Amino acid sequence: MSLQMNSKIAAPRSLVTSPDGRLALSYGCDVTPDPKAALHVHFDALISIGGTGWLVAGWVVDPGRCLTGAVFVGCGDVVLADLALKRAAPGPAGDGSSFPFLGLLPQQRGSVGLTVTLEADDGAALTGLIWPTGNVQDVEEFIGRCSFEAALAAMQRLVDQHRVLFGDNTVIASQIDEVLETFYGRIQKNPLEEASLGMPIAAYLDVAQRVGAIGILLKGWVVHVTQDKMVSVTLKSFFGRQVQLDLPLPASTRLDVVEALASTVPGGNLDCGIVAFAPCADVHAEDKRWFAEFATMSGSLFRIPFRLAVPTSPRKLAEEVSMWAEETVIDAVDLYARALGPALSELWRLALEQKPHPKDNVYGRLPEDPEVSIIIPLYGRVDFLKHQIANFANDADFRHGTARAELIYVLDDPRRAKEVALLADTVAKLYDVPFRLVDLRANFGYSTANNVGASVARGKYLILLNSDIIPKAKGWVSQLLATAETVPSLGALGCRLLFDDGSIQHAGMEFRPAPVLPGTWLNHHSNKGLAVSFDPVRGQAEVPAVTGACLLTPRAVFAELGGLSTNYIIGDFEDSDYCLKARQSGRAIVYTSEVELYHLERQSMRMIGDGRYKLTLFNMWQHTNRWGDLIEQVMDAPGV
């Protein structure tokens, strides 16, 4: 039997039933479901949004399981099943026969209501016109009566339908956002709503950061009873994203947290500090509200709502994140491998997305056909430019008319641009040494500075030189070139570097296990600080690596190997990385003791407190992760 209800009725009714009472259709929060109806569909809310869409929310009470169809006429014939939340949820009937529905429907222009047709398994039908009713608060109350999973599914449905049906409709988006925020607040107030049977647990997230387009980085703590065990950590969002984290999470000792929660979680685990990276590609910019669910073996479930922050400065964030490698970390290598490594690599990649647009200035007449191009990055101590050129002025390899070397300074410190421009102009007038000054106009790091310098170089060879290198005697460039010509298949050539007291600073580099980060390799300067008489090399010898403070390489080889790697944050390990690349390609790494230069170590780039040290640890881990197998082969080779 069919009963029609339409807009011709003068006073809309909030409840209509079929003559036999088996089917009922109602709307409005003040309407009580008819207990006699075998099938009752009730609308808590029907809200017109901007005249373009309906937001519908309600319940189906179907004790007899007799509903076969429910169609929203005029909305592209959307069926109720497309909106029903197929998860168990307590409903108005108080038994297991109720399930909620919630969604967005397109609204026909000029329509004042929504026509709904119900069909039962015996052929009975009921059609009614549902008039606008309720408001956003009613929708929020409706969601509040759903379980968390059902409510989250409802939120995900709203978000998805909005994107598919309404695109960038800002009116609808703002209404949905209000609903999302209310549900988000509900979890903030009650993170343990489904965990009353398990052992005590508490958790907190200090940082929840979107990392480019590859994932989410989290830092915080989770305390549970020592006898309990974490069995899952899951991230969920309103956009339908779900990410399961691998356990155990990289952890650190947090005695302060355990002591503060002694009364809430007695006997809490000391290794409660956590850092986690969740691979999650293409996180939508609007997907900012998430939930982290911590589940334990005893049945505890703790939810933390968190908002994703977007870094305004990837480089600054990289430096901050590097500090998370605290001394209390249980396994630092695991921390880098599964959390900090992927995040820091991506942040540094983003920081280098800005391409340098160098400003090039030439002082004096550069040699027309230089044999070698010397590339010197400038950062911080830019006054070294003056000291170096004053020393080069006494060397025929640099002077105008006899120069074999093309001198290229690369300014990687935009704060000093005006100062360097004035200094360069003064130096050019004082000394007969031509040079090129390339101003990167931003800070891109040691590798990029050298790579940009190499891109404008014209010599057959390149010499990568620190700005705090001072020659012990003139003619050192010619000596290096003469040695280079004797080495077949040369990859890199280094020389003896001295401290200002004449002791050894560099006589080739080797690799040693790093005690501060077990499992990694540290660049080691053998015989450092000893008198030159302790240098075992007389003349030249192959070595595992040489320092980038003074490194000669054929320009063609530099180009073939892709220059210096830009993966290392700020600096450190680029030189050994280059040497290992060259070695892998079958080229020789050579050290000569016959050329000596003074190196005022680290004065061209001073260590910047603990933060700089932590970045060095990350670079060391990254270097080992890339070259560990080759390093072992090199250090196991006879004579090393």
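The values are calculated or read from the model by the stated rules, or taken from the named source; none is laboratory data. It should be emphasised that the depicted structure is a prediction, and the values quoted were computed from it without experimental measurement. No Cβ is skipped: glycine too gets one built from the backbone with ideal geometry, and neighbour counts run over all protein chains shown.
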Test: I589 is of a type in the set (V, I, T), in contact (Cβ under 8 Å) with a residue 60 or more places away in the chain, touching a helix residue (DSSP H, G or I) at 6+ places or on another chain (Cβ under 8 Å) and within 30 Å of L335 (Cα to Cα): no
G94 assigned by TED's automatic domain parsing to the domain that holds H42 and at pLDDT below 75: yes
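Among M620, M635, which is crowded, with 21+ Cβ neighbours inside 10 Å, out of contact with any helix residue (DSSP H, G or I) (no Cβ under 7 Å at 6 or more places or on another chain) and at pLDDT 90 or above? Even if it seems obvious, please write down each step before you answer.
On the way: M635 fails: crowded, with 21+ Cβ neighbours inside 10 Å.
After applying the criteria, what remains is M620.
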Residue tally, condition closer than 30 Å to R157 by Cβ and aliphatic (A, V, I, L, M), over the range 248-279: 2
Sole exception among (1) crowded, with 21+ Cβ neighbours inside 10 Å; (2) assigned to a helix (DSSP H, G or I) for K316, by number: (1)
Restricting the range 130-147 to residues that are buried (at least 21 other Cβ atoms within 10 Å of the Cβ) and among the hydrophobic types (A, V, I, L, M, F, W, C), the residue that is farthest from L46 (Cα to Cα): C146
Of the criteria (1) in a helix (DSSP H, G or I); (2) at pLDDT below 90, which one L344 fails: (2)
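Check V61, V78 and return the single one that is in contact (Cβ under 8 Å) with a residue 24 or more places away in the chain, closer than 16 Å to G128 by Cα and assigned by TED's automatic domain parsing to the domain that holds F101.
From the options V61, V78, the qualifying one is V78.
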Number of positions in the range 483-505 that are within 16 Å of P471 (Cβ to Cβ) and more than 43 Å from the chain's Cα centre (by Cα): 2
Condition broken by V452, with the remaining ones in (1) within 35 Å of the chain's Cα centre (by Cα); (2) under 27 Å from L498 (Cα atoms); (3) in contact (Cβ under 8 Å) with a residue 60 or more places away in the chain satisfied: (2)
Where D287 falls short, out of the listed (1) assigned to a strand (DSSP E or B); (2) crowded, with 17+ Cβ neighbours inside 10 Å: (1)
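Taking L385, is it touching a helix residue (DSSP H, G or I) at 6+ places or on another chain (Cβ under 7 Å), among the aliphatic types (A, V, I, L, M) and either farther than 14 Å from V362 by Cα or assigned to a helix (DSSP H, G or I) (or both)?
Details: touching a helix residue (DSSP H, G or I) at 6+ places or on another chain (Cβ under 7 Å): yes; among the aliphatic types (A, V, I, L, M): yes; either farther than 14 Å from V362 by Cα or assigned to a helix (DSSP H, G or I) (or both): yes.
Answer is yes for this residue.
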Condition broken by R303, with the remaining ones in (1) in contact with a helix residue (DSSP H, G or I) (Cβ under 9 Å, 6 or more places away or on another chain); (2) part of a strand (DSSP E or B); (3) surrounded by fewer than 21 Cβ atoms within 10 Å (Cβ to Cβ) satisfied: (3)
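Looking at R626, R555 in this structure, which one is basic (K, R), modelled with pLDDT of 90 or more and under 16 Å from R512 (Cα atoms)? Please lay out each step first, then the result.
Values: R555 fails: under 16 Å from R512 (Cα atoms).
Matching residue, one of R626, R555: R626.
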Residue under evaluation T17, criteria (1) in contact with a Pro (Cβ under 7 Å, 6 or more places away or on another chain); (2) modelled with pLDDT of 80 or more; (3) over 26 Å from I143 (Cβ atoms), criterion not met: (1)
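I'd like to check something: does the range 395-415 contain any residue that is touching a residue at least 12 places away in the same chain (Cβ under 8 Å) and polar (S, T, N, Q)?
Let us first name the residues in the range 395-415 that are touching a residue at least 12 places away in the same chain (Cβ under 8 Å), namely 395-400, 403-414.
Still in the list and also polar (S, T, N, Q): none.
Checked against the condition, which is being touching a residue at least 12 places away in the same chain (Cβ under 8 Å) and polar (S, T, N, Q), the range 395-415 yields no hits at all.
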Inter-residue pairs, beta-carbon under 7 Å, first farther than 18 Å from N394 by Cα and in the range 455-476, second of a type outside the set (D, E, K, R) and assigned to a loop (DSSP other than H, G, I, E, B), 6+ apart: R458/P370; G459/P370; L464/G548; N466/A549; N466/S604
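Given the criteria on the phi < 0 side of the Ramachandran plot and either outside any strand (DSSP E or B) or out of contact with any Lys or Arg (no Cβ under 8 Å at 6 or more places or on another chain) (or both), does N527 qualify? First the steps, then the outcome.
Working: on the phi < 0 side of the Ramachandran plot: no; either outside any strand (DSSP E or B) or out of contact with any Lys or Arg (no Cβ under 8 Å at 6 or more places or on another chain) (or both): yes.
No: the conditions fail for N527.
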Any chance V537 is over 37 Å from the mean Cα position of the chain (by Cα) and not in a strand (DSSP E or B): yes
Qualifying residue in the range 279-299 (condition: closer than 30 Å to E178 by Cβ and in contact with a helix residue (DSSP H, G or I) (Cβ under 6 Å, 6 or more places away or on another chain)): yes
Hits in the range 120-163 - residues which are of a type in the set (A, V, I, L, M) and closer than 14 Å to G103 by Cα: V136, V139, I143, A150, A151, L152, A153, A154, M155, L158, V159
In the range 346-366, residue nearest to V477 (Cα to Cα) [restricted to those that are touching a residue at least 40 places away in the same chain (Cβ under 8 Å) and surrounded by 21 or more Cβ atoms within 10 Å (Cβ to Cβ)]: W348
Qualifying position, being in the same structural domain as T616 (by TED's automatic domain parsing), surrounded by 22 or more Cβ atoms within 10 Å (Cβ to Cβ) and among the small types (G, A, S), among G562, G586, G548: G548
